[in-house]
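Worksheet: the structure to be examined is printed underneath.
Throughout, read-outs are computed from the coordinates displayed, never taken from laboratory work. Keep in mind it's a predicted model, so treat the numbers as computed, not measured. Here the Cβ is made from the backbone with ideal geometry for all residues, glycine too, and neighbour counts use every protein chain on show.
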Amino acid sequence: MSWVCFTVILPFLILGSAVLSGHLTLGFLTRAGDSESGYKVESKLKKAGSNPEVITPNHTITIAVLTDISSTLYSTTGYENLAAARLAIEDINANKSFLPGYHFDMLFKDDGCDMEVGLKALTNAYDNDENKKINAVIGISCSVVCELAGYLCASDQWNIPVVSHSCSSDDLSKTDKYPTFARLSLSVFKYTNAIIAICKKFEWTKVGLMVNNIDWYVKTAGKMKELMTDQEKNGVYGIQVFLEKFYYDDEDEDGSIDENSDTYKLLVEQLNRMKQKVRVIIIVGYARDIIFVLKTAKKTRDEQRTFRFPHAGVHPSRS
């Protein structure tokens with residue numbers, strides 16, 4: 001799937017941002033207003049300076065591929081993304097009848113799914129030892145790095161497109177703040193209406209929110225709770241929501257659960273509190289967090305009191 005995405009977006013979102021009349025034109029897929037009628041393509045313009053570079057035949061387009069291959073979050077998917085990007089570039093370069101005169105090159109950096117590591121990766125890619133001029137950035141999976149890249153790449157000095165196949169932060173929808181950013185995924189907040197519809201279908205009026213205590217996940221869960229409990233906003237009915245913030249122990253890299261750890265004991269207490277209030281728990285977090293909650297719930301389950309676990313915020317390519 002990643003190979004198909006990269007093969008499609010590389011020529012059309014990178015070469016498609018040709019410099020015309022002193023402006024860099026980028027295509028963004030956005031919802032048509034506030035309606036549910038579908039999507040439209042909007043053109044976002046950003047001045048490229050008084051002497052814009054004109055792309056000529058035999059021009060090399062260098063793509064910076066940033067993805068996570070070192071953290072415990074998405075390292076497996078990161079290798080998949082890197083392989084997909086390489087295959088896509090090889091396919092495009094091998095087809096002499098497709099985009100003749102253009103050659104794609106790739107520069108890889110590990111962003112570690114971390115703001116500090118991502119900043120170093122991004123600046124090292126831009127000011128690289130090979131003196132390659134970066135024309136675009138792709139491959140980022142984590143929203144914290146996407147927000148950083150979207151902000152820097154929109155600066156007058158950089159002014160290059162950033163395309164993500166999976167970043168889901170709601171803040172990235174602000175095109176005035178991230179004018180050169182585009183993504184193929186939805187904001188995680190967009191899942192809320194689907195969750196409300198599920199609650200209505202099964203007549204669930206009380207649900208629990210288990211959220212990873214990471215800033216943007218907490219913000220997302222807060223927005224979800226606000227919409228779900230506001231009958232006027234959701235147009236359905238008010239849902240009583242009980243929210244718990246849990247922690248994940250980064251030392252458990254092998255996915256095992258240490259029943260003597262503070263994080264495990266706290267989660268058990270939180271699940272026991274949830275048992276007294278709800279039958280449905282929505283998990284907001286990374287894939288590893290969801291596995292952690294599910295394994296803990298299984299270990300501590302009560303045959304007389306079982307849970308249903310819808311989830312939100314999982315890496316889209318793995319959900």
Checklist entry - Ranked highest first by the average count of other Cβ atoms within 10 Å around their residues, in what order do 172-185, 284-297 fall? => result 284-297, 172-185
Checklist outcome for this item: Here, region 110-258 modelled as identical Cα point scatterers in vacuum has Debye log10 I(q)/I(0) at q = 0.10, 0.18 Å⁻¹ of -0.48, -1.06
Next on the checklist: Using DSSP to call loops (not H, G, I, E or B), can you name the GluC sites (Glu not before Pro) in region 101-178 whose Cβ has at most 10 other Cβ atoms within 10 angstrom?
Outcome noted: 130
Checklist outcome for this item: For region 79-163, listing chymotrypsin sites (Phe, Trp or Tyr not before Pro) in a DSSP loop whose Cβ sees at most 13 other Cβ atoms within 10 Å gives 98
Item to check | Inverse mean reciprocal Cα-Cα distance (Kirkwood Rh) of region 91-134, Å | outcome: 12.3 Å
Item to check | Across 120/177; 174/200; 200/275; 174/298; 120/190; 190/299, pairs whose alpha-carbon gap is larger than 28 Å | outcome: 174/200; 174/298; 120/190; 190/299
